[in-house]
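Nothing in this text is a laboratory measurement; each read-out follows from the coordinates by a stated rule. This structure is a prediction, so every number in the text was calculated from the model and none was measured. So basically every Cβ, Gly included, is an ideal-geometry build from the backbone, and we count neighbours across all protein chains shown.
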């Protein structure tokens with residue numbers, strides 16, 4: 001979680017790791033996408049989507065779910 005290869009620099013990913021539990025404030029427009037892993041349960045995806053879509057100022061957020069491309073052995077992200 002703390003290290004990422006420079007090969008992925010183009011993603012411009014931001015990782016947030018907190019020592020305390022609770023909420024973290026950020027500008028709503030800075031959240032542009034949520035990516036779910038291959039094994040994320042559909043029920044959990046629906047819950048998170050609902051929580052985000054019910055809030056104001058988060059209309060720009062897109063949701064993606066990973067699947068495995070067995071031919072090229074890579075992850076493919078489709079919108080959900």
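Miscellaneous remarks
- Length available on full extension from residue 52 to residue 80: 0.36 nm per residue minus the Cα-Cα distance, which gives 8.7 nm.
- Of the Cα atoms belonging to the stretch 1-72, the radius of gyration and Dmax stand at 14.5, 42 Å.
- Sorted by Cβ density within 10 Å, fewest first, the residues 14, 80: 14, 80
- Panel order for 31, 2, by other beta carbons found within 10 Å of each beta carbon, from fewest to most: 2, 31.
- Antiparallel bridges, percent of DSSP beta bridges restricted to the chain (to nearest 5): 60 percent
- Globularity index of the stretch 30-80, i.e. its alpha-carbon radius of gyration over 2.2 N^0.38 Å: 1.26
- Expected 222 nm ellipticity per residue - DSSP helices of 4 or more, -39500 (n - 2.57), all of the chain, to 500: -4500 deg cm²/dmol
- Relative contact order %, the chain, counting alpha carbon pairs below 8 Å whose residues are six or more apart: 27 percent
- In this rough spin-label picture, where each label sits 7 Å from Cα along the Cβ direction, the residue 23-residue 61 distance is 1.3 nm.
- Label-to-label distance, nm, for residues given as residue 14 and residue 35 (7 Å Cα→Cβ offset): 1.6 nm
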